[in-house]
Amino acid sequence: MRNLMIKLPILLCIGIFLGCNKFESKTNTNELSFRIEVSKSELSHGELLLSSYPLLNKVISKDSLLVFDGVSSQLILFNLVTKTPIFNLELEKDGPNFFEGHVLDADIKDDKLYVVTNNYFTIADLTGNVSVRRKLKSLTSNDNFRVLGFNRLSDQSFLFSRWLESSIFAHRKDSVDQSIFFVYNLRENSFYDIPIFSPEEALINDSTQGFYDGQSRHSFVYLDSTIVYNFKFSSKLYSYDLRNQLAQVSNGEFAHIPNLREAFPSNQISDVKATTNYLYNGVQFSDIAYDEKNELFVRVGSEYVTNENGTNNDVRYLMLLDKHLNRVKEFKINDRIFDKPFINDGIIYFVSGKRTKESTYELITFEIKNESIIEKP
């Protein structure tokens with residue numbers, strides 16, 4: 001089934017970073033000017049049959065949220081003002097216009113659909129007719145990585161984020177010297193690496209311990225020719241400016257939780273109980289997101305601890321940082337949420353971890369209020 005409800009010209013804001021300087025990790029003197037208003041919202045599925053929780057949430061332009069539903073294999077575009085779907089496309093699984101299984105990242109620009117799955121980078125029109133398909137591991141000169149996401153720099157140039165197998169698997173150390181970002185040119189079928197490498201604390205060279213499974217993943221935001229990125233295992237934030245090749249790091253420390261996850265011993269990987277305990281306990285940090293309206297970076301730090309008596313402590317904190325990655329303010333989150341934030345017009349959205357209604361995506365929203373700005377009535 002294909003259902004094209006509205007053909008859209010969609011605008012995207014994009015942005016990329018080297019060196020080794022450090023930001024001053026401090027609390028912004030204007031921190032008291034920001035406050036958060038928490039509320040609940042929901043996106044109606046309308047007549048679409050969708051699952052309870054989306055697998056991809058990406059704001060691709062103002063008021064436009066792109067969602068991937070894994071059960072129905074549909075991409076759906078929601079209007080965040082009307083809270084309703086305005087476009088949906090069921091991805092074909094076979095034939096010349098096939099899309100492989102799980103969508104990792106996607107975008108829409110100038111009536112074109114860009115999709116990254118586990119093995120392919122695909123470009124199609126808004127009816128699903130494929131014009132370009134590239135194997136991800138053929139984009140560069142080596143294939144010992146997975147792609148986590150991408151950013152469209154132009155109609156021919158794309159920034160990709162690499163997840164190295166050396167950071168995924170304990171005894172795969174053949175990619176430790178590879179960069180974790182590269183740019184691919186579609187017309188020339190060429191690429192170049194950006195000199196951003198796994199930090200020392202990632203333990204990518206250590207065969208005795210590391211951050212395995214999804215704990216070694218990184219996320220990024222591209223902003224004004226700068227890449228800002230972070231890892232799930234650490235509170236640190238990194239940046240690389242492509243114009244002057246300046247690399248910087250900010251500690252980004254949370255006040256109430258540890259700022260570095262404990263590494264897991266590689267000799268315990270085959271121990272199911274130990275591995276399960278490790279994956280479901282400890283501290284971790286969400287993907288980073290950027291609020292254009294207030295010029296703030298946003299991410300979540302969380303800690304889950306199972307006590308000996310069977311009870312658990314599950315805490316989450318929302319951190320706001322300025323454009324220089326200085327901490328502005330930190331808020332405790334009291335609602336059950338999926339930690340990955342997406343932001344539109346000064347409102348931070350999280351998918352609720354507690355479902356109470358059918359045919360909707362239930363959301364928890366955190367609206368950033370800048371009290372230093374006097375709003376007109």
### Task
Report, largest value first, the span of the C-alpha coordinates of segment 207-295 along each principal axis, in whole Å.
46, 28, 17
### Query
What ³J(HN,Hα) values, in whole Hz, does the Karplus curve 6.51 cos²θ - 1.76 cosθ + 1.60 give for segment 227-235 when θ = phi - 60°, with x put for Gly and Pro?
9, 10, 9, 8, 10, 5, 8, 9, 7
### Cα centroid separation, segment 193-219 to segment 319-355 (Å)
25 Å
### Message
What do you get for GluC sites (Glu not before Pro) in segment 264-311 restricted to DSSP loop and a cutoff of at most 15 other Cβ within 10 Å of the site's Cβ?
### Response
Glu292, Glu295, Glu308
### Message
Taking the solvent-accessible surface of protein heavy atoms with a 1.4 Å probe, what is the per residue accessible area of the chain in Å²?
### Response
48 Å²
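Given a 1.4 Å probe and heavy atoms of the protein chains only, how would you sort Lys173, Lys354, largest accessible area at the top?
Sorted descending by solvent-accessible area, the residues read Lys354, Lys173.
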#### Entry: Kirkwood hydrodynamic radius of segment 175-245, Cα pairs, Å
13.6 Å
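Assuming a ≥ b ≥ c are the square roots of the Cα gyration tensor eigenvalues, decide whether segment 209-253 counts as rounded (a/c under 1.5), prolate (otherwise, with a/b larger than b/c) or oblate.
Details: a/c = 2.56, a/b = 2.01, b/c = 1.27.
The shape class here is prolate.
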## Note on the structure
Taking only the alpha carbons of the chain, the radius of gyration and the largest Cα-Cα distance, Dmax, both in angstrom, are 20.6, 63
### Task
Could you work out the local net charge near Ser302, counting Lys and Arg as +1, Asp and Glu as -1, over the other residues with Cβ closer than 9 Å to its Cβ?
-2
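What value does segment 139-260 have for Rg/Rh, both radii from Cα atoms and Rh as Kirkwood defines it?
Numbers: Rg = 14.7 Å, Rh = 15.2 Å.
Dividing the radius of gyration by the Kirkwood radius yields 0.97.
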### Local electrostatic count at Lys62 - Lys and Arg +1, Asp and Glu -1, tallied over other residues with Cβ under 11 Å
-2
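If you take the Cα Rg of segment 272-377 and divide it by 2.2 N^0.38 Å, with N the number of residues, what do you get?
Numbers: Rg = 16.4 Å, N = 106, 2.2 N^0.38 = 12.9 Å.
Rounded to two decimals, the normalised Rg is 1.27.
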### Query
Helix-derived [θ] at 222 nm for the chain: sum -39500 (n - 2.57) over DSSP H runs of at least 4, divide by residue count, nearest 500?
-1000 deg cm²/dmol
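If you average 1/r across every pair of different Cα atoms in segment 39-192 and take the reciprocal, what Kirkwood value do you get, in Å? Don't jump to the answer; show the numbers that get you there.
On the way: mean 1/r = 0.0599 Å⁻¹.
Hydrodynamic radius (Kirkwood, Cα only) of segment 39-192 equals 16.7 Å.
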### Message
Let me understand segment 120-171 better: what is its radius of gyration from the alpha carbons, and its Dmax, in angstrom?
### Response
13.2, 43
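The values are calculated or read from the model by the stated rules, or taken from the named source; none is laboratory data. Note that the structure is predicted; figures quoted are calculated from it, not measured. Backbone-built Cβ (ideal geometry, glycine too); neighbour counts: all protein chains shown. Calculation scope for accessible area: heavy atoms of the full protein, side chains included, ligands and nucleic acids excluded. Shrake-Rupley method; radii C 1.70, N 1.55, O 1.52, S 1.80 Å.
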